[in-house]
1. Spin-label point model (7 Å from Cα, Cβ direction): what's the ASP500 to ALA189 distance in nm?
2. Largest first and to the nearest Å, give the Cα extent of the chain along each principal axis.
3. Please compute the Kirkwood hydrodynamic radius of the range 230-284 from all pairs of different C-alpha atoms, in Å with one decimal.
4. Please calculate how many Å² of accessible area the chain carries per residue, with a 1.4 Å probe and no DNA, RNA or ligand atoms counted.
5. Under the classification rounded if a/c is under 1.5, otherwise prolate if a/b is larger than b/c and oblate if not, where does the range 185-310 fall, given a ≥ b ≥ c as square roots of the Cα gyration tensor eigenvalues?
6. Can you give me the distance in nm between label points at ARG410 and ARG251, each placed 7 Å from the Cα along the Cα-to-Cβ direction?
7. Assuming R0 = 30 Å, what is the FRET efficiency of CYS477 and ARG400, from their Cβ-Cβ distance, to the nearest 0.05?
8. Would you mind calculating the relative contact order of the range 394-504 from Cα pairs under 8 angstrom and at least 6 residues apart, reporting the percent as a whole number?
Amino acid sequence: MKLEIDPQQRARGARLALIAGVGNVALGLLIPVATFVAYHAVTTAGLAICALAYLALMITSHWTRVRHAAEFAVLFDAVITDLRVRLFDRVRQAELRAVERLDGVERVIRDVEWLADLPIKLLDTIRRGLSIGSSSLYMLVLSGYGFLVWGAAVALAGRLLPAALRETERAQGEFADAADEIDAHLGRAIAGFAQLRVDATARAGLAADLRTASARWGRARVRVDDAANTLGIHTQGLVLAAMGVILFRFRDSIDPATRGALISIMFSLSLGLLFLLRELLALERVGATWRRVGGLIEQLPPTPVDRRPPAAWDPIRMRDVRFARGDRFALHIADFTLRRGELVFVVGPNGSGKTTLFRLLTGLYPPDSGRVTLAGAPADPARLRPLFAAVFADHPIFDRLFGVPVDPERLEALLERFGLSDHVELIDGRFVGLGLSSGQRMRLALVVALLEDRPILVLDEWAAHQDPETRRWFYTCLLPELRAEGRTIIAISHDDRYFDVADRVVHLAVHTAAERRFAQLAGSAADPEAGGA
């Protein structure tokens with residue numbers, strides 16, 4: 001996917017590039033003026049004119065570079081910020097399944113930082129290119145032979161560039177893969193630190209994997225550097241060959257002063273040409289990052305924006321809903337209804353699709369087929385999501401209450417009720433004291449879900465993270481109280497001793513055929529019509 005820059009930013013960038021180009025041309029013309037004065041006899045009047053020209057070129061170059069380089073960097077910072085926001089918005093608006101399929105998203109987000117180098121590298125590339133171009137034109141004025149020889153050297157160096165770019169791109173991809181692998185190994189070492197301290201075999205195995213990845217990283221890094229070094233060596237060799245041709249092949253065709261000027265200009269430009277080619281290689285890395293970001297955005301087609309929860313949603317019904325994950329698992333919901341004010345438990349063995357059911361119900365997964373209705377009307381995921389406050393098993397804890405109105409007294413009462421008032425407090429809009437146990441984190445997640453005041457509460461194995469006393473309080477006190485307040489609750493549970501608390505218990509049955517697992521929602525014996533399959 002081609003990423004487009006805002007038209008106003010593009011126009012502003014073109015204006016700044018033009019002004020910077022004027023300054024860089026002025027910088028490039030300083031060399032011819034200085035060379036002319038150094039190698040030719042000049043009258044007093046001519047010397048004064050050259051001095052004024054030199055001063056004007058120097059001031060123009062200096063002012064434009066100082067004045068507009070910073071503005072150019074500010075412009076590109078705005079472009080990068082817009083790109084980050086667009087990337088975040090596309091992730092935020094994408095379907096969960098699309099995000100789950102992404103490969104290398106962490107690398108792309110991390111590599112966006114490389115784009116911050118673009119303004120400096122682009123300005124340097126433009127400056128060097130224009131400087132080389134203006135000095136090359138001066139060589140044409142001095143000697144046609146000299147210009148042709150220099151032009152041939154530059155053209156041959158340019159022919160070497162595509163191969164170096166291809167090798168750099170391949171090696172950079174391997175380098176990034178190895179860096180990701182190293183980060184993953186270090187993450188495992190930190191996450192599993194306690195286990196590794198007592199398991200010498202696992203510790204040695206992880207260390208061996210890390211050494212292997214580091215060796216791959218080193219080899220790829222060498223290839224990246226080698227591509228640039230080889231290009232530089234060949235470029236220097238071509239410039240030296242051009243200087244040799246001027247000195248020995250066309251020695252008698254060019255007068256000594258002109259010959260000396262050509263050699264001086266070529267020598268001074270050789271380093272600029274070398275840096276220009278290296279900067280083009282660096283720009284290729286930035287361009288590759290730009291293309292990866294575009295590819296990532298292309299993998300995340302936008303979805304309809306969530307709308308306000310409908311006032312009339314009762315009941316939610318799922319009929320003949322099917323959802324497959326690859327070729328190994330499929331979930332079939334023949335007929336499931338959720339009514340206002342119900343407390344429903346969902347049970348089933350591990351891997352039966354309970355969390356998948358919740359994601360379908362809350363609009364996080366669109367079904368592959370079937371119908372989901374609200375109060376009898378068809379409902380798409382964008383209409384479902386605003387109805388639910390969910391606490392999933394892997395629920396994240398943010399340090400702020402994004403978009404949740406905060407009543408300090410109500411928040412303090414909930415923290416007290418959930419046994420968190422001595423551990424967590426909200427200061428200046430941020431939670432302080434988030435070094436919590438897994439059970440405490442789930443309790444805080446439920447506090448936030450209750451503050452959202454949405455019609456339906458979804459709890460994904462919440463009680464599994466709690467101690468026996470909190471679990472008993474959850475089933476016998478909290479859930480009945482929430483239902484009495486008018487909340488609709490659907491929860492995954494394995495605690496059969498508390499099944500009598502629920503209005504209904506629905507079961508996910510699992511079948512296996514030809515290495516493929518099928519899960520089907522079955523109704524409870526207590527109310528087969530409400531949840532029948």
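1. 5.5
2. 109, 50, 46
3. 12.1
4. For the chain, the solvent-accessible area averages 51 Å² per residue.
5. oblate
6. 9.4
7. 0.55
8. The value is 24 percent.
The values are calculated or read from the model by the stated rules, or taken from the named source; none is laboratory data. Treat the numbers as computed from the prediction; the structure is a model and nothing was measured. Virtual Cβ from ideal backbone geometry, glycine too; neighbours counted across all protein chains shown. Areas reflect the complete protein model, heavy atoms only, side chains present, ligands, DNA and RNA absent. Shrake-Rupley method; radii C 1.70, N 1.55, O 1.52, S 1.80 Å.
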